[in-house]
Every structure is written in C-alpha cells, then in structure tokens.
1. Rounded to whole Hz and in sequence order, give me ³J(HN,Hα) for segment 269-283 from the Karplus expression 6.51 cos²θ - 1.76 cosθ + 1.60, θ = phi - 60°, writing x for Gly and Pro.
2. Could you give the dipole magnitude of the chain about its Cα centre, charging the beta-carbon of Lys and Arg +1 and that of Asp and Glu -1, in debye to the nearest 20?
3. For a quick protection proxy, order the peptides 169-175, 257-263 by their average other-Cβ count within 10 Å, most packed first.
4. Over the chain, calculate the relative contact order: mean separation of alpha carbon pairs under 8 Å at least 6 apart, over the residue count, as a percent.
5. Under the definition of Cα pairs under 8 Å and six or more residues apart, what whole-number percent is the relative contact order of segment 293-363?
6. Per 10 Å bin, what percent of the C-alpha pairs of segment 122-180 does each bin hold, from zero upward?
7. How large is the accessible surface per residue of segment 1-60, computed with a 1.4 Å probe and reported in Å² as a whole number?
8. How would you classify segment 79-122 from its alpha-carbon gyration tensor, with a ≥ b ≥ c the square roots of the eigenvalues: rounded for a/c under 1.5, else prolate if a/b is greater than b/c, otherwise oblate?
Amino acid sequence: MNEMTVDIIAEKIVFGGNCIGKINGKAVFIPYAVPGEALSVEIVQSRRDYDTARIAAVATPSEFRRDPPCPLYGTCGGCNMMHIQPGRQRELRAGMLRDCFLRNGVEAPEITVIYGGELGYRSRIQLNGGGFSARGGGTIPVANCPVAEDAVNSWLASTPAAERPAGRCCIFGSSAVIAAGGTRGRSVCVAPEQRKAEAVLPEKLQKKANRIRRQYSGTIPSPAAAVAVSLLGKEVAFDVRGFFQSNMQVLEKAVPEVCRGLSGRRALDLYAGCGTFSVFLSDAFDEVTLVEHNRDALVFAEQNLAGRRHQSVGLSCAAWAESAEGQQFDAAVVDPPRGGLEDSVCAALCRADIPQLRYVSCDPATHARDAAKLAAGGFRLDELLLLDFYPNTSHIESLSKWTRR
C-alpha cells in the first residue's frame, strides 16, 4: 500500500448503490464495493462531512462478488451493481427500501421481491449521440448490451453509429411488441426526442399560464414514435418518448400484484399515463377514472380503454385534488413520478373514504416519506413489495398496499 491509499471496511450499501465505511470517524462512500469487504482505497473527493473513494485493491473480497458479465461495466453510465451476484443484489435493494421506510418511522412488513431475469430484460434504452452515456461524461459506442432484449441488440448490431440519430433518441424493442412506428409486426421503434409542446393559451388566461402549461404539457404526437405491446393478453399502446416500463418480464408480474384484491363500482388511477393499470382495473370495476396531465399519454389511454367505461381527466393530480371532495371510489392506484405525491394529493387521499390504495413508486425515499403521511392519515400498510425492474443497478421501484383503518 502506498501513501495515497488507506484501508477500510465496506460496512453497508446505501441508497444510490455506493457502500459506506469510515476512516477516522468520517464517512467514506465507495462505488463498486460489496458490504463486508476489506479494501484499500484512494480518496478522490473530500467534502466537509464525507469523502468519496476509488477502490485500489480488494484485500478480502465478499463471497458475493463476481466478474461482471459486461466488458463496459464501470465505464458505461448504466449498471452499478453488476459486480454482485444477482440474488444478493435483490437482498441489498430490499434492504435499502426497508431502511428508507424505517428512517421515516414506518415499520415495513417482510418485503416480497418480484423479479425476472438479470440479463436480456431491458426493452427501452436511450442513446445520446449514437452511443450510451459514459460514467463521468461523454458517450460510448455500443453494439451489444447484455441487459437489453434481443430486439434492441439486433438493432444496435445492424445499425452503425454513424447511421444512428445524432442527438438523444429512445429505442423500444421487445418480443412483446405488436406494432412499432406505425407498422404492425415491427419489433423495434426508434424515435428521436423532441422538445416538450405547450398549449397555446387565450390572452385572458395568460395570468394562469404556468399552471395550465403544467397541466397540459406533452410531447408532440407522432405515429413514428408509437409502440403497441402485448401485455398479459391485452394490447397497450404508448409513445416511446414518454414513460413506459422497460422490463416486460417484471411488468407482467407487477400488474396482477397491483390489481389483486381490488374490485367494486369505481376505481381511481392517479398519474395514469397511457392507462396501463386502468386497462386491467376496468376488468374488475364498473368505471375507472384516469387523471393525467400529459395530453398525449391520455390520447393513448383513450385508445387502450376503447369500449370500456371510463373517464379521463386532463389535469395534474394536484389540480384534480382541489376539486376531489365528495368523489367516491372503491379503490385507488397511484403511480407518481420521482417527486412522489404532492401534499395536496396525499391530503385528498387521506380525507377520501377509499377502502383500498395501491402506491407504485420509482423512488424509495419519496415513497417512504408519503407512506408516513398515509399511515398518519388513516391507512394501514399491509404489504410492501420490491418491483425489481432494473437488475444490476441500484434503481429501486416498489409497491405498497394499503387499507383504510
């Protein structure tokens, strides 16, 4: 060991995927470590409260460490847990989820993990300048990605970097694709990103412009960006540039978990997107109400729910909450963005006499924060599930199931 390295024990993994240890009482974050390992590290960044280190040598490797099955691991900006065996990865992600809930004073039940294969699962990827974003900046030319579905890798292998879109673009490819880019039978859709569209407002509404733009923002619709997939026997269409899950294997297991045990007259689907959950909720309810601010997503929702009794509300969920008093629902499903539920939405849900609530989250910190509010507002946490959509990464998606006390 030279003067630039120090010895440390990786004590635990924390939200974001880094392990944490201590040197002279100061916290040190260590990427690509495994809890329990003895390491020699170099400090690469020092802050007042913590340092960030690079592994110089692994003195005592964990029994769960493995050689990552990707030659670009550590250079590519995507995966950051591929050096850990898959089963242990899932245990660590579940532990991070549990810790988030405990820090917010919510005692989590035993976490159930919903998962699929660790490789060949990803159907949606983003390219930047024809390649993948590199860790630390720049791009990497890629002809094959071990975590991508075969359809995506076939496109990468057959499309030279020079022939790929120059800017940012979204690619969706899967064996589940029914139609892509307006063509039935095509398995891959490639769509360059476009700037967000904004509603043109009458002059008298300009004072409320910011609020209205948020409610009706969206991408510019294009048939070339449309994708339809077969999901549990139903056709679901969406814009590849908008939000849709990237792991069809886990999505087909997650949808039944969200809908299981729910039935009645009216269901509420907040942050409904293209109506993925509503398509299945409509089998168990007389009517489904979808609330979604993205107008283009609602166009696809209307297509996906054609012939089923529903109503679509083209507002932000915060705006909907302002007029939610008196509405009766037998169940609600919420699937907010990373920021979680707005205060007004959480308050409206707690005031409403909704017997069953399902919360789908893409950020465990905001999920746990909102869980504390729901628990204080009269809901009981019955189940907590890790939806393992992104193996080999520290990204955590989760589902909590609630009943009114």
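1. 10, 8, 6, 6, x, 7, x, 3, 6, 4, 4, 8, 4, 5, 6
2. The dipole of the chain has a size of about 760 debye.
3. My ranking of the peptides, most packed first, is 169-175, 257-263.
4. That works out to 14 percent.
5. Normalised by residue count, the contact order of segment 293-363 is 33 percent.
6. Calculated over all Cα pairs of segment 122-180, the distribution is 24, 57, 18, 2 percent.
7. The answer is 57 Å² per residue.
8. Taking the square roots of the gyration eigenvalues as a ≥ b ≥ c, segment 79-122 is prolate.
The values are calculated or read from the model by the stated rules, or taken from the named source; none is laboratory data. Keep in mind that what you see is a predicted model, and the values were worked out from it rather than measured. Note: ideal-geometry Cβ built from the backbone for every residue, glycine included; neighbour counts use all protein chains shown. Surface areas here come from the heavy atoms of the whole protein model, side chains and all, with no ligands, DNA or RNA. Shrake-Rupley method; radii C 1.70, N 1.55, O 1.52, S 1.80 Å.
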